[in-house]
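The values are calculated or read from the model by the stated rules, or taken from the named source; none is laboratory data. The structure displayed is predicted, hence computed values, not measured ones. Backbone-built Cβ (ideal geometry, glycine too); neighbour counts: all protein chains shown.
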Amino acid sequence: MANMNPSILMEAASDRKASQYSKEELDTLRRQIKEKKVRFIFVVYSDFHAMERGKALPVERFLSRLEEGILMAGMQLLRLPKMDIPAMPELPLSIEFNDLRFFPDLKTFKVIPWRKDVATVIADPYDAKGQGAIGFSPRNVARKQVMRLNDCGYEILSALEYEFSALDAKTMAPIHTDKTGHWVKSFFQDWELLTEIYDNLIDIELKVEQIDSEGENGVYEYPIKPSMGLQSADDGFWVKKTVREISQRNGYLASFSSKPFVQSSGISGHFNHSLLDLKTRKPLFFDGQDSDNMSKIMKHWLAGLLRHAPAMVIFGCPTASCQRRFVHFDRATPRNPSWGVDNRTCSFRVKSYGPNQTYIENRIFAAACNPYLTLAVNIAAGLDGVLNELPLPPMVKGSAHHLHEDDGGSQMFSGKLSDAVKALEEDDVICEALGEEFIKTYLNNKKHECQLEAKAQQMGDKSFYDREYLPFL
(Lines give C-alpha, C1' and ligand atoms only; values in the text may rest on other atoms or scores of the structure.)
Protein backbone atom coordinates (compact mmCIF):
# COMPACT_ATOMS: atom_id res chain seq x y z
CA MET A 1 0.00 0.00 0.00
CA ALA A 2 1.30 3.45 -0.85
CA ASN A 3 2.53 5.79 1.88
CA MET A 4 -0.10 8.41 2.62
CA ASN A 5 -0.76 11.31 4.92
CA PRO A 6 -1.39 9.75 8.35
CA SER A 7 -3.89 12.40 9.44
CA ILE A 8 -7.20 10.89 10.46
CA LEU A 9 -9.04 14.09 9.65
CA MET A 10 -10.08 14.66 6.09
CA GLU A 11 -9.03 18.02 4.72
CA ALA A 12 -11.55 19.85 2.56
CA ALA A 13 -14.11 17.09 3.09
CA SER A 14 -16.99 19.52 3.33
CA ASP A 15 -18.22 22.29 1.08
CA ARG A 16 -18.55 24.61 4.08
CA LYS A 17 -17.41 24.98 7.67
CA ALA A 18 -18.94 22.35 9.89
CA SER A 19 -21.09 24.58 12.09
CA GLN A 20 -22.01 27.29 9.60
CA TYR A 21 -25.62 27.38 8.38
CA SER A 22 -27.11 30.18 6.31
CA LYS A 23 -30.11 32.18 7.50
CA GLU A 24 -32.08 30.85 4.54
CA GLU A 25 -31.33 27.24 5.51
CA LEU A 26 -32.36 27.81 9.12
CA ASP A 27 -35.54 29.67 8.15
CA THR A 28 -36.54 26.87 5.78
CA LEU A 29 -35.87 24.28 8.47
CA ARG A 30 -37.99 26.07 11.08
CA ARG A 31 -40.82 26.56 8.58
CA GLN A 32 -40.88 22.84 7.72
CA ILE A 33 -40.87 21.88 11.38
CA LYS A 34 -43.76 24.22 12.12
CA GLU A 35 -45.86 23.33 9.08
CA LYS A 36 -45.49 19.58 9.57
CA LYS A 37 -45.78 19.78 13.37
CA VAL A 38 -42.56 17.83 13.83
CA ARG A 39 -41.83 16.78 17.42
CA PHE A 40 -38.78 14.53 16.99
CA ILE A 41 -35.86 14.58 14.58
CA PHE A 42 -33.67 11.55 13.94
CA VAL A 43 -30.06 12.56 13.29
CA VAL A 44 -28.64 9.65 11.29
CA TYR A 45 -25.56 8.48 9.43
CA SER A 46 -24.36 5.44 7.49
CA ASP A 47 -21.91 2.89 8.85
CA PHE A 48 -19.75 0.70 6.60
CA HIS A 49 -22.64 -1.70 5.90
CA ALA A 50 -25.06 1.14 5.04
CA MET A 51 -27.00 0.53 8.23
CA GLU A 52 -28.77 3.64 9.45
CA ARG A 53 -27.48 4.66 12.88
CA GLY A 54 -28.20 7.73 14.99
CA LYS A 55 -30.45 9.13 17.71
CA ALA A 56 -33.81 10.87 18.09
CA LEU A 57 -33.92 14.39 19.51
CA PRO A 58 -36.93 16.48 20.51
CA VAL A 59 -37.18 19.47 18.19
CA GLU A 60 -36.14 21.97 20.87
CA ARG A 61 -33.03 19.97 21.71
CA PHE A 62 -32.15 19.55 18.03
CA LEU A 63 -32.39 23.27 17.31
CA SER A 64 -30.36 24.18 20.39
CA ARG A 65 -27.54 21.78 19.42
CA LEU A 66 -27.53 22.41 15.68
CA GLU A 67 -24.73 24.98 15.54
CA GLU A 68 -22.49 23.07 17.96
CA GLY A 69 -23.13 19.62 16.51
CA ILE A 70 -24.96 16.59 17.88
CA LEU A 71 -22.74 14.48 20.14
CA MET A 72 -22.66 10.75 19.37
CA ALA A 73 -20.17 7.94 19.99
CA GLY A 74 -17.63 7.63 17.20
CA MET A 75 -17.20 3.89 17.68
CA GLN A 76 -20.63 3.22 16.17
CA LEU A 77 -19.23 4.01 12.73
CA LEU A 78 -17.10 0.87 13.03
CA ARG A 79 -19.76 -1.53 14.28
CA LEU A 80 -20.57 -4.70 12.36
CA PRO A 81 -24.27 -5.40 11.66
CA LYS A 82 -24.95 -7.23 14.91
CA MET A 83 -21.60 -8.02 16.45
CA ASP A 84 -19.20 -5.99 18.54
CA ILE A 85 -16.80 -3.43 17.18
CA PRO A 86 -13.53 -4.98 15.95
CA ALA A 87 -10.43 -3.88 17.85
CA MET A 88 -8.63 -1.06 16.06
CA PRO A 89 -5.21 -0.63 17.74
CA GLU A 90 -4.09 2.19 15.44
CA LEU A 91 -7.22 4.28 15.97
CA PRO A 92 -6.75 7.14 18.48
CA LEU A 93 -8.76 6.62 21.66
CA SER A 94 -10.18 10.12 21.20
CA ILE A 95 -11.92 8.88 18.06
CA GLU A 96 -12.87 5.36 19.13
CA PHE A 97 -14.24 6.03 22.61
CA ASN A 98 -15.07 9.73 22.75
CA ASP A 99 -18.05 11.52 21.29
CA LEU A 100 -17.84 13.03 17.83
CA ARG A 101 -19.80 16.05 16.68
CA PHE A 102 -22.31 15.23 13.96
CA PHE A 103 -23.41 18.20 11.87
CA PRO A 104 -26.70 17.72 10.00
CA ASP A 105 -26.75 18.40 6.27
CA LEU A 106 -29.99 20.38 6.13
CA LYS A 107 -30.40 19.65 2.41
CA THR A 108 -31.22 16.07 3.46
CA PHE A 109 -33.93 17.01 5.98
CA LYS A 110 -37.12 15.03 5.30
CA VAL A 111 -40.37 14.70 7.20
CA ILE A 112 -41.14 10.98 7.38
CA PRO A 113 -44.69 10.39 6.07
CA TRP A 114 -45.11 6.98 7.73
CA ARG A 115 -43.94 8.21 11.15
CA LYS A 116 -46.25 10.82 12.69
CA ASP A 117 -44.48 13.98 13.88
CA VAL A 118 -41.03 12.62 12.92
CA ALA A 119 -38.33 13.93 10.58
CA THR A 120 -34.90 12.58 9.65
CA VAL A 121 -31.71 14.36 8.61
CA ILE A 122 -28.38 12.88 7.52
CA ALA A 123 -25.38 14.15 9.48
CA ASP A 124 -21.61 14.08 8.99
CA PRO A 125 -19.12 13.36 11.80
CA TYR A 126 -16.39 15.79 12.82
CA ASP A 127 -13.83 15.66 15.60
CA ALA A 128 -14.63 16.65 19.18
CA LYS A 129 -13.87 20.30 18.39
CA GLY A 130 -16.07 20.26 15.29
CA GLN A 131 -13.19 21.29 13.04
CA GLY A 132 -12.07 18.25 11.04
CA ALA A 133 -14.27 15.80 9.14
CA ILE A 134 -13.73 12.17 10.15
CA GLY A 135 -11.89 10.41 7.34
CA PHE A 136 -13.47 6.97 7.69
CA SER A 137 -17.08 8.14 7.48
CA PRO A 138 -18.55 6.68 4.24
CA ARG A 139 -20.37 9.90 3.38
CA ASN A 140 -17.25 12.00 3.96
CA VAL A 141 -15.27 9.60 1.75
CA ALA A 142 -17.84 9.98 -1.03
CA ARG A 143 -17.92 13.76 -0.73
CA LYS A 144 -14.15 13.92 -1.06
CA GLN A 145 -14.27 12.00 -4.36
CA VAL A 146 -17.10 14.15 -5.72
CA MET A 147 -15.02 17.23 -4.90
CA ARG A 148 -11.98 15.73 -6.68
CA LEU A 149 -14.14 15.12 -9.71
CA ASN A 150 -15.55 18.65 -9.62
CA ASP A 151 -12.03 20.09 -9.34
CA CYS A 152 -11.28 18.38 -12.66
CA GLY A 153 -14.29 20.06 -14.27
CA TYR A 154 -16.65 17.07 -14.20
CA GLU A 155 -19.90 16.12 -12.50
CA ILE A 156 -21.24 12.59 -12.08
CA LEU A 157 -24.86 11.70 -12.80
CA SER A 158 -25.71 8.36 -11.22
CA ALA A 159 -28.25 6.05 -9.62
CA LEU A 160 -28.17 2.71 -7.82
CA GLU A 161 -30.63 -0.04 -8.71
CA TYR A 162 -31.24 -1.70 -5.36
CA GLU A 163 -33.02 -5.05 -5.37
CA PHE A 164 -34.32 -6.49 -2.09
CA SER A 165 -35.84 -9.70 -0.76
CA ALA A 166 -39.24 -9.53 0.92
CA LEU A 167 -39.06 -12.15 3.68
CA ASP A 168 -41.29 -13.44 6.44
CA ALA A 169 -40.12 -11.60 9.56
CA LYS A 170 -40.28 -14.73 11.74
CA THR A 171 -39.03 -17.49 9.45
CA MET A 172 -36.87 -15.30 7.17
CA ALA A 173 -38.20 -17.31 4.22
CA PRO A 174 -39.40 -15.61 1.01
CA ILE A 175 -42.98 -14.41 1.32
CA HIS A 176 -43.89 -16.39 -1.79
CA THR A 177 -42.25 -19.04 -3.95
CA ASP A 178 -43.07 -17.96 -7.49
CA LYS A 179 -39.58 -17.82 -8.96
CA THR A 180 -40.66 -16.03 -12.12
CA GLY A 181 -39.18 -12.64 -12.93
CA HIS A 182 -41.58 -10.05 -14.35
CA TRP A 183 -44.57 -12.38 -13.95
CA VAL A 184 -47.51 -10.06 -13.26
CA LYS A 185 -49.13 -12.50 -10.83
CA SER A 186 -46.18 -12.14 -8.45
CA PHE A 187 -46.75 -8.38 -8.27
CA PHE A 188 -50.33 -8.76 -7.11
CA GLN A 189 -49.46 -11.23 -4.38
CA ASP A 190 -47.55 -8.40 -2.67
CA TRP A 191 -49.30 -5.43 -4.26
CA GLU A 192 -50.36 -3.64 -1.07
CA LEU A 193 -46.81 -3.74 0.28
CA LEU A 194 -45.29 -2.68 -3.04
CA THR A 195 -47.61 0.29 -3.55
CA GLU A 196 -47.19 1.47 0.04
CA ILE A 197 -43.42 1.50 -0.46
CA TYR A 198 -43.85 3.32 -3.77
CA ASP A 199 -46.16 5.96 -2.30
CA ASN A 200 -43.77 6.71 0.54
CA LEU A 201 -40.75 6.93 -1.76
CA ILE A 202 -42.67 9.49 -3.80
CA ASP A 203 -43.69 11.36 -0.64
CA ILE A 204 -40.03 11.84 0.35
CA GLU A 205 -39.34 13.20 -3.15
CA LEU A 206 -37.54 10.26 -4.72
CA LYS A 207 -38.30 9.93 -8.43
CA VAL A 208 -39.25 6.28 -8.82
CA GLU A 209 -39.33 5.16 -12.44
CA GLN A 210 -41.10 1.80 -12.03
CA ILE A 211 -41.57 -1.28 -9.86
CA ASP A 212 -39.71 -4.40 -11.01
CA SER A 213 -40.15 -8.04 -10.05
CA GLU A 214 -36.87 -9.93 -10.33
CA GLY A 215 -36.09 -13.58 -11.02
CA GLU A 216 -35.99 -14.81 -7.42
CA ASN A 217 -38.73 -15.48 -4.89
CA GLY A 218 -40.11 -12.22 -3.52
CA VAL A 219 -37.35 -10.03 -4.97
CA TYR A 220 -38.32 -6.52 -6.09
CA GLU A 221 -36.68 -3.29 -7.18
CA TYR A 222 -37.55 0.42 -7.35
CA PRO A 223 -35.27 2.06 -9.95
CA ILE A 224 -34.99 5.80 -9.33
CA LYS A 225 -33.95 8.57 -11.66
CA PRO A 226 -30.27 9.56 -11.50
CA SER A 227 -29.07 12.51 -9.44
CA MET A 228 -25.97 14.71 -9.43
CA GLY A 229 -22.98 14.19 -7.18
CA LEU A 230 -23.48 13.14 -3.57
CA GLN A 231 -27.26 13.25 -3.83
CA SER A 232 -27.38 9.93 -5.70
CA ALA A 233 -25.76 8.19 -2.71
CA ASP A 234 -28.19 9.93 -0.36
CA ASP A 235 -31.02 8.67 -2.59
CA GLY A 236 -29.71 5.12 -2.22
CA PHE A 237 -29.60 5.56 1.55
CA TRP A 238 -33.23 6.75 1.56
CA VAL A 239 -34.36 3.84 -0.63
CA LYS A 240 -32.96 1.31 1.82
CA LYS A 241 -34.44 3.12 4.81
CA THR A 242 -37.91 3.41 3.27
CA VAL A 243 -38.10 -0.18 2.02
CA ARG A 244 -36.95 -1.56 5.38
CA GLU A 245 -39.32 0.50 7.51
CA ILE A 246 -42.45 0.07 5.39
CA SER A 247 -41.81 -3.67 5.17
CA GLN A 248 -41.42 -3.85 8.94
CA ARG A 249 -44.68 -1.97 9.46
CA ASN A 250 -46.41 -4.63 7.36
CA GLY A 251 -44.89 -7.56 9.23
CA TYR A 252 -42.17 -8.35 6.70
CA LEU A 253 -38.38 -8.25 6.70
CA ALA A 254 -36.81 -6.47 3.74
CA SER A 255 -33.26 -7.69 3.28
CA PHE A 256 -30.63 -6.23 0.96
CA SER A 257 -28.41 -9.24 1.55
CA SER A 258 -26.74 -10.00 -1.78
CA LYS A 259 -26.93 -13.78 -1.46
CA PRO A 260 -29.65 -14.56 1.09
CA PHE A 261 -29.79 -18.25 0.18
CA VAL A 262 -27.05 -20.46 -1.25
CA GLN A 263 -29.14 -21.71 -4.16
CA SER A 264 -30.65 -18.32 -4.99
CA SER A 265 -29.44 -15.91 -7.63
CA GLY A 266 -27.56 -12.86 -6.45
CA ILE A 267 -29.52 -9.80 -5.33
CA SER A 268 -28.03 -6.86 -7.20
CA GLY A 269 -27.31 -3.19 -6.66
CA HIS A 270 -26.06 -2.12 -10.08
CA PHE A 271 -24.50 1.34 -10.31
CA ASN A 272 -25.46 3.35 -13.41
CA HIS A 273 -23.51 6.50 -14.14
CA SER A 274 -22.24 9.00 -16.69
CA LEU A 275 -20.16 12.19 -16.68
CA LEU A 276 -21.23 15.75 -17.40
CA ASP A 277 -19.30 18.96 -17.90
CA LEU A 278 -19.43 20.69 -14.51
CA LYS A 279 -20.28 24.14 -15.90
CA THR A 280 -22.39 23.43 -18.98
CA ARG A 281 -23.94 20.11 -17.84
CA LYS A 282 -23.20 18.74 -21.31
CA PRO A 283 -23.09 14.90 -21.39
CA LEU A 284 -19.51 13.72 -21.98
CA PHE A 285 -19.90 10.00 -22.70
CA PHE A 286 -21.59 10.21 -26.12
CA ASP A 287 -19.83 10.52 -29.48
CA GLY A 288 -22.01 9.93 -32.53
CA GLN A 289 -18.92 9.53 -34.74
CA ASP A 290 -17.76 6.46 -32.83
CA SER A 291 -19.02 3.04 -33.93
CA ASP A 292 -20.25 2.36 -30.38
CA ASN A 293 -21.21 6.00 -29.66
CA MET A 294 -18.47 6.16 -27.00
CA SER A 295 -16.42 9.32 -26.48
CA LYS A 296 -12.70 9.26 -25.66
CA ILE A 297 -13.37 10.32 -22.09
CA MET A 298 -15.88 7.49 -21.69
CA LYS A 299 -13.32 4.98 -22.96
CA HIS A 300 -10.65 6.25 -20.57
CA TRP A 301 -13.12 6.25 -17.67
CA LEU A 302 -14.17 2.69 -18.49
CA ALA A 303 -10.51 1.64 -18.73
CA GLY A 304 -10.03 2.95 -15.19
CA LEU A 305 -13.00 0.92 -13.95
CA LEU A 306 -11.58 -2.21 -15.57
CA ARG A 307 -8.09 -1.70 -14.13
CA HIS A 308 -9.42 -1.27 -10.61
CA ALA A 309 -12.27 -3.80 -10.81
CA PRO A 310 -10.56 -6.30 -8.44
CA ALA A 311 -10.29 -3.60 -5.76
CA MET A 312 -13.96 -2.70 -6.27
CA VAL A 313 -15.16 -6.18 -5.39
CA ILE A 314 -14.81 -5.66 -1.62
CA PHE A 315 -17.13 -2.64 -1.88
CA GLY A 316 -19.54 -4.21 -4.34
CA CYS A 317 -19.88 -7.49 -2.43
CA PRO A 318 -18.88 -6.58 1.14
CA THR A 319 -19.69 -9.83 2.98
CA ALA A 320 -18.60 -13.44 2.65
CA SER A 321 -22.12 -14.34 1.57
CA CYS A 322 -22.13 -11.61 -1.10
CA GLN A 323 -18.93 -13.02 -2.55
CA ARG A 324 -20.70 -16.29 -3.29
CA ARG A 325 -22.45 -14.52 -6.17
CA PHE A 326 -19.27 -15.22 -8.13
CA VAL A 327 -19.27 -18.95 -7.30
CA HIS A 328 -22.94 -19.95 -7.33
CA PHE A 329 -23.74 -17.56 -10.14
CA ASP A 330 -26.45 -17.14 -12.74
CA ARG A 331 -26.09 -15.98 -16.33
CA ALA A 332 -26.41 -12.31 -15.35
CA THR A 333 -23.66 -12.27 -12.70
CA PRO A 334 -20.21 -11.05 -13.82
CA ARG A 335 -17.21 -13.23 -13.05
CA ASN A 336 -14.26 -11.10 -14.18
CA PRO A 337 -13.16 -7.60 -15.26
CA SER A 338 -14.83 -7.25 -18.65
CA TRP A 339 -16.96 -4.86 -20.68
CA GLY A 340 -19.41 -5.05 -23.53
CA VAL A 341 -22.19 -3.14 -25.23
CA ASP A 342 -25.52 -4.16 -23.69
CA ASN A 343 -23.89 -7.37 -22.43
CA ARG A 344 -25.21 -8.57 -19.07
CA THR A 345 -22.44 -11.14 -18.62
CA CYS A 346 -19.83 -8.37 -18.31
CA SER A 347 -18.87 -6.43 -15.21
CA PHE A 348 -19.37 -3.18 -17.11
CA ARG A 349 -22.32 -2.93 -19.46
CA VAL A 350 -22.27 0.03 -21.83
CA LYS A 351 -25.69 1.41 -22.77
CA SER A 352 -26.16 4.02 -25.47
CA TYR A 353 -29.57 5.37 -26.42
CA GLY A 354 -28.49 8.81 -27.60
CA PRO A 355 -26.53 11.85 -26.33
CA ASN A 356 -28.41 12.08 -23.03
CA GLN A 357 -28.67 8.35 -22.37
CA THR A 358 -25.18 6.95 -22.81
CA TYR A 359 -23.88 5.50 -19.57
CA ILE A 360 -22.11 2.62 -17.82
CA GLU A 361 -23.81 0.02 -15.67
CA ASN A 362 -21.38 -1.39 -13.09
CA ARG A 363 -22.71 -4.89 -12.46
CA ILE A 364 -20.14 -5.90 -9.85
CA PHE A 365 -22.15 -4.15 -7.17
CA ALA A 366 -24.72 -6.12 -5.20
CA ALA A 367 -27.61 -5.07 -2.98
CA ALA A 368 -25.54 -5.06 0.23
CA CYS A 369 -23.24 -2.34 -1.09
CA ASN A 370 -22.95 0.98 0.71
CA PRO A 371 -24.19 3.77 -1.63
CA TYR A 372 -21.52 6.22 -0.46
CA LEU A 373 -18.62 3.82 -0.88
CA THR A 374 -20.05 2.71 -4.23
CA LEU A 375 -20.03 6.30 -5.49
CA ALA A 376 -16.56 6.95 -4.06
CA VAL A 377 -14.73 3.95 -5.52
CA ASN A 378 -16.31 4.32 -8.96
CA ILE A 379 -15.16 7.94 -9.13
CA ALA A 380 -11.68 7.06 -7.88
CA ALA A 381 -11.29 4.30 -10.48
CA GLY A 382 -12.82 6.15 -13.42
CA LEU A 383 -10.94 9.35 -12.72
CA ASP A 384 -7.64 7.46 -12.71
CA GLY A 385 -8.47 6.25 -16.21
CA VAL A 386 -9.24 9.77 -17.42
CA LEU A 387 -6.28 11.54 -15.81
CA ASN A 388 -3.82 8.93 -17.08
CA GLU A 389 -5.60 8.33 -20.41
CA LEU A 390 -5.65 4.58 -19.85
CA PRO A 391 -6.28 2.54 -23.02
CA LEU A 392 -9.51 0.56 -23.24
CA PRO A 393 -9.14 -3.20 -23.87
CA PRO A 394 -11.31 -4.80 -26.57
CA MET A 395 -14.95 -5.37 -25.72
CA VAL A 396 -16.38 -8.82 -25.11
CA LYS A 397 -18.87 -10.11 -27.64
CA GLY A 398 -20.90 -13.05 -26.43
CA SER A 399 -20.59 -14.49 -22.94
CA ALA A 400 -17.79 -13.13 -20.75
CA HIS A 401 -18.16 -15.86 -18.14
CA HIS A 402 -15.21 -17.92 -19.34
CA LEU A 403 -12.91 -15.00 -20.09
CA HIS A 404 -9.44 -15.40 -18.49
CA GLU A 405 -9.94 -19.11 -17.78
CA ASP A 406 -7.21 -19.87 -20.33
CA ASP A 407 -4.64 -18.14 -18.07
CA GLY A 408 -5.62 -20.21 -15.07
CA GLY A 409 -8.36 -17.86 -13.97
CA SER A 410 -5.92 -15.29 -12.59
CA GLN A 411 -8.37 -12.45 -13.15
CA MET A 412 -11.53 -14.30 -12.19
CA PHE A 413 -13.41 -13.08 -9.11
CA SER A 414 -12.73 -15.92 -6.67
CA GLY A 415 -15.78 -15.54 -4.45
CA LYS A 416 -13.62 -15.31 -1.31
CA LEU A 417 -13.78 -12.28 0.95
CA SER A 418 -10.10 -12.71 1.85
CA ASP A 419 -9.10 -12.40 -1.83
CA ALA A 420 -11.18 -9.23 -2.17
CA VAL A 421 -9.39 -7.79 0.87
CA LYS A 422 -6.02 -8.57 -0.71
CA ALA A 423 -7.03 -6.98 -4.02
CA LEU A 424 -7.87 -3.71 -2.28
CA GLU A 425 -4.64 -3.76 -0.26
CA GLU A 426 -2.64 -4.13 -3.48
CA ASP A 427 -4.32 -1.24 -5.31
CA ASP A 428 -2.30 1.84 -4.37
CA VAL A 429 -4.41 4.19 -6.51
CA ILE A 430 -7.69 3.33 -4.82
CA CYS A 431 -6.13 3.23 -1.34
CA GLU A 432 -4.59 6.66 -1.76
CA ALA A 433 -7.74 8.17 -3.24
CA LEU A 434 -10.04 6.94 -0.47
CA GLY A 435 -7.62 7.88 2.30
CA GLU A 436 -5.35 5.99 4.65
CA GLU A 437 -7.57 6.10 7.73
CA PHE A 438 -10.60 4.90 5.84
CA ILE A 439 -8.62 2.06 4.25
CA LYS A 440 -7.14 1.04 7.61
CA THR A 441 -10.47 0.94 9.41
CA TYR A 442 -12.38 -0.66 6.53
CA LEU A 443 -9.82 -3.41 5.95
CA ASN A 444 -9.57 -4.01 9.68
CA ASN A 445 -13.31 -4.67 9.77
CA LYS A 446 -13.19 -6.91 6.71
CA LYS A 447 -10.31 -8.99 8.06
CA HIS A 448 -12.25 -9.42 11.29
CA GLU A 449 -15.27 -10.59 9.29
CA CYS A 450 -13.06 -13.09 7.44
CA GLN A 451 -11.96 -14.51 10.79
CA LEU A 452 -15.55 -14.78 12.03
CA GLU A 453 -16.61 -16.54 8.82
CA ALA A 454 -13.69 -18.98 9.04
CA LYS A 455 -14.49 -19.75 12.68
CA ALA A 456 -18.15 -20.36 11.87
CA GLN A 457 -17.20 -22.75 9.06
CA GLN A 458 -14.74 -24.58 11.30
CA MET A 459 -17.41 -25.07 13.95
CA GLY A 460 -20.06 -26.08 11.43
CA ASP A 461 -22.23 -23.11 12.38
CA LYS A 462 -24.60 -23.07 9.41
CA SER A 463 -26.86 -20.39 10.90
CA PHE A 464 -24.03 -17.85 11.34
CA TYR A 465 -24.95 -15.68 8.37
CA ASP A 466 -28.72 -15.85 8.95
CA ARG A 467 -28.18 -14.82 12.56
CA GLU A 468 -25.54 -12.12 12.19
CA TYR A 469 -26.20 -10.53 8.79
CA LEU A 470 -29.44 -11.41 7.00
CA PRO A 471 -31.85 -9.50 9.31
CA PHE A 472 -29.73 -6.35 9.30
CA LEU A 473 -28.45 -5.76 5.76
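For the stretch 422-439, a residue qualifies if it is surrounded by fewer than 21 Cβ atoms within 10 Å (Cβ to Cβ) and under 20 Å from Met88 (Cβ atoms), and the qualifying residues are Lys422, Glu425, Glu436. The residue list Lys241, Lys170, Lys185 contains one member that is over 26 Å from Ala332 (Cα atoms) and part of a helix (DSSP H, G or I), which is Lys241. Screening Met147 against (1) more than 20 Å from the chain's Cα centre (by Cα); (2) under 30 Å from Ile360 (Cβ atoms) leaves a single unmet condition, (1).
Looking only at residues of the stretch 200-237 that are aromatic (Phe, Trp, Tyr) and outside any helix (DSSP H, G or I), we find that the one that is nearest to the chain's Cα centre (by Cα) is Tyr222. Filtering the stretch 28-52 to residues that are in contact with a Leu (Cβ under 8 Å, 6 or more places away or on another chain) and exposed (fewer than 14 other Cβ atoms within 10 Å of the Cβ) leaves only Arg30. Of the residues making up the stretch 93-112, not a single one is buried (at least 21 other Cβ atoms within 10 Å of the Cβ) and among the small types (Gly, Ala, Ser).
Surrounded by fewer than 15 Cβ atoms within 10 Å (Cβ to Cβ), modelled with pLDDT under 90 and in a loop (DSSP other than H, G, I, E, B) - does that describe any residue in the stretch 119-134? So that I can check it myself, show each step before the final result.
Residues of the stretch 119-134 surrounded by fewer than 15 Cβ atoms within 10 Å (Cβ to Cβ): 129, 131.
Imposing the further condition that a residue be modelled with pLDDT under 90 reduces the set to 129, 131.
Narrowing further to those that are in a loop (DSSP other than H, G, I, E, B): 129, 131.
Yes - at least one qualifying residue is present in the stretch 119-134.
Is at least one residue of the stretch 439-461 under 30 Å from Gly74 (Cα atoms), among the β-branched types (Val, Ile, Thr) and at pLDDT 85 or above? Lay out the reasoning, then the answer.
Of the stretch 439-461, the ones under 30 Å from Gly74 (Cα atoms) are 439-456.
If we keep only those that are among the β-branched types (Val, Ile, Thr) as well, we get 439, 441.
Remaining after also requiring at pLDDT 85 or above: 439, 441.
So far as the stretch 439-461 goes, yes, one or more of its residues are under 30 Å from Gly74 (Cα atoms), among the β-branched types (Val, Ile, Thr) and at pLDDT 85 or above.
The set of residues in the stretch 244-261 being buried (at least 23 other Cβ atoms within 10 Å of the Cβ) and part of a loop (DSSP other than H, G, I, E, B) consists of Phe256, Ser257, Ser258, Lys259, Pro260. Looking across the stretch 242-267, just one residue is within 13 Å of the chain's Cα centre (by Cα) and closer than 17 Å to Pro223 by Cβ, and that is Phe256.
Selection of the stretch 209-225 for residues being under 29 Å from Leu149 (Cβ atoms), surrounded by fewer than 19 Cβ atoms within 10 Å (Cβ to Cβ) and either out of contact with any Pro (no Cβ under 7 Å at 6 or more places or on another chain) or small (Gly, Ala, Ser) (or both) yields only Lys225. I'd like to know if the stretch 150-170 contains one or more residues that are free of Cβ contacts under 8 Å to residues at least 12 places away in the same chain, of a type outside the set (Asp, Glu) and surrounded by fewer than 23 Cβ atoms within 10 Å (Cβ to Cβ). Yes, some residue in the stretch 150-170 is free of Cβ contacts under 8 Å to residues at least 12 places away in the same chain, of a type outside the set (Asp, Glu) and surrounded by fewer than 23 Cβ atoms within 10 Å (Cβ to Cβ).
Any residue that is modelled with pLDDT of 95 or more, within 21 Å of the chain's Cα centre (by Cα) and either on the phi > 0 side of the Ramachandran plot or not in a strand (DSSP E or B) (or both) - is there at least one of those in the stretch 54-70? Checking the stretch 54-70: at least one residue is modelled with pLDDT of 95 or more, within 21 Å of the chain's Cα centre (by Cα) and either on the phi > 0 side of the Ramachandran plot or not in a strand (DSSP E or B) (or both). With the condition kept exactly as written, say whether any residue in the stretch 371-388 is more than 27 Å from Ser255 (Cα to Cα) and in a loop (DSSP other than H, G, I, E, B). Yes, some residue in the stretch 371-388 is more than 27 Å from Ser255 (Cα to Cα) and in a loop (DSSP other than H, G, I, E, B).
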